[in-house]
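Worksheet for the structure shown next.
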Amino acid sequence: MAFEPGDVVFLKSGGSPMTVAAVGGDSVDCLWLGEEGDLFREAIPTVALMIAADSADEEDHDEDDEDKSARDEADLEQADEDKVKPAKSKRKTG
């Protein structure tokens, strides 16, 4: 598993989310905030870490989300147009 600076990771055993600050050899420098707001930095073996689900896919889906949003908006506009029908006149002429 390849870690990159900026990835959000967790210990496989659980715990707080951590941010990868640097990658080197068999360890990853991680940053995290303690319960009282203290900032910690520690080198952690890569075998003990897993990438958070959202972090791994976040960059890949940014453009997809924009495309999906544009498609959803177009679908809503089309649905509104389909609902609008010309009004029939109830007046009698002649």
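Where a number appears in this text, it was derived from the coordinates with a stated rule and is not lab data. Note that the coordinates shown come from a computational prediction; the quantities given were computed from them, not determined experimentally.
Taking amide H positions as placed 1.01 Å from N in the peptide plane, with prolines and chain starts having none, which residues 5 or more places from Asp7, or on another chain, fall under 5 Å of its amide H?
The list, which skips near neighbours in sequence, is Val20.
Please turn the phi angles of the range 6-13 into ³J(HN,Hα) values with the Karplus equation 6.51 cos²θ - 1.76 cosθ + 1.60 (θ = phi - 60°), one per residue in order, whole Hz, x for glycine and proline.
Karplus values, whole Hz, x for Gly and Pro: x, 5, 9, 10, 10, 5, 4, 7.
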